[in-house]
Amino acid sequence: MTINRLMLFLCCWGSLLSATPALGADRGREPPDRRQLEQNRQEKVLQKQETQKKRDQVAGKERGVLTRLQEIETELDTLQTELNRYKAELAEEEKKQEHSQAELQVLKTRYLDYQQRATKRIIAIYKMGYRSTVTDQHQLVGMLMRSEGLIDLLTKYKYANFIAKSDQKLLADLVVQQDQIRAVHAELQQHLASIEASKQMTQVKRRQLLTRRKDRQRLLEEYRTQRSTYDQVLKELRQAVAELEEMLGIVSTDTLTVKAEKLKGISKQDQGKLPWPVTGKIVKNQNPFDRGITIKPTSVITEGQKADVRSIANGVVARVITSVVGYGNTILILHGSAYTSVYTHLSVVSVKVGDDVKTNQIIGQVGDSGSLIGQVLYFELWHNYARLDTHQWLKH
């Protein structure tokens, strides 16, 4: 039997012990009300079992909600990362848009400036005396007709044509550049709109998740309230069963659990403060999957003598088992608040089921029963039938 199976066995061994009278109980004729007491006890046990079942169902739902809440938190983190990325992209695109808008404004200014310069040039030509008696559209023709010769005519025509073409090309280039920048600007606006739409969708998803998280948290509170109620009912039923069993002279898990609760041997505040069950050196566990600690006592190392094993806190002996496979002689002690300590590989057991033990009280001696590594003590601490990181609970 492994420690895991042993703890599960402890969880449900009350039914096996419930019919076992306590030592010294009257084995003679039953008192007149014993049958009624037994009936009452059985009714309370059934109520306790039903309440435990409901409590476990609620606890299962609570774990499911917690798992979903963790998933929602992960999704929220992912969405927040997306939102941050969209914000960064929007800021970058807005900078690009501002830059393209500035470039477009520069080109517009250059275009207007060149228009003004071309206009001034034409006015200057007009003021320099190149006037014509014909209409304005013939001014250039009149200027050419006043040439002093063919060469002068060709020269004037060449430069006038060059100026006109240069003006036309420059103005055309400026128009093309403006069109290109407008196209880039329009593309940036479209990209901005796309990013903004993605951002809005992400924000909608995030709001939906926040609503779901709020609903799950409300449901979690309801389940926790229900579980707390069931825990209180279970506590009262255990107390009632224990009182009836005490009257009937029966020793069971409920009797011992109630007894241990009164002792308050271990609480959450004791982490890192509990005394060591034996003084010695921590060695490698025989079973690599164990979370407890294996201690080789100093007296065994230096003198080859037996070492006493002591209880780490006030408690009640719940089980004394011989020949647990891989662990040998084993003692389980209940300390209240659902804490249980386990001591294995013992050569001597000095306590029995139902005994009260005090902190540092001797409960046995280190041995090599079930051990493949010599005389050692393998020690574990459990809470709610789940293994704790034992080393973290002992004095550092």
Failed criterion for E222 (all others in (1) modelled with pLDDT of 85 or more; (2) of a type in the set (D, E); (3) assigned by TED's automatic domain parsing to the domain that holds F379 hold): (3)
The one condition in (1) within 19 Å of P297 (Cα to Cα); (2) aliphatic (A, V, I, L, M); (3) surrounded by fewer than 24 Cβ atoms within 10 Å (Cβ to Cβ) that A307 fails to fulfil: (3)
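Working carefully through the options T322, T340, T359, T330, find the one that is among the β-branched types (V, I, T) and touching a Phe, Trp or Tyr at 6+ places or on another chain (Cβ under 6 Å).
Numbers: T322 fails: touching a Phe, Trp or Tyr at 6+ places or on another chain (Cβ under 6 Å); T359 fails: touching a Phe, Trp or Tyr at 6+ places or on another chain (Cβ under 6 Å); T330 fails: touching a Phe, Trp or Tyr at 6+ places or on another chain (Cβ under 6 Å).
Just one listed residue meets the conditions, T340.
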Residue check for L332: farther than 25 Å from G272 by Cβ, buried (at least 22 other Cβ atoms within 10 Å of the Cβ) and in contact with a strand residue (DSSP E or B) (Cβ under 6 Å, 6 or more places away or on another chain): no
Of all residues making up the stretch 370-391, the number that are within 17 Å of G315 (Cα to Cα) and surrounded by 14 or more Cβ atoms within 10 Å (Cβ to Cβ): 5
Search result, residues across the stretch 347-392 that are in contact with a helix residue (DSSP H, G or I) (Cβ under 8 Å, 6 or more places away or on another chain) and either of a type in the set (S, T, N, Q) or not assigned by TED's automatic domain parsing to the domain that holds A307 (or both): Q375
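The values are calculated or read from the model by the stated rules, or taken from the named source; none is laboratory data. Keep in mind that this is a model prediction, so the values were computed, not measured. We place every Cβ from the backbone using ideal geometry, glycine too, and count neighbours over all the protein chains shown.
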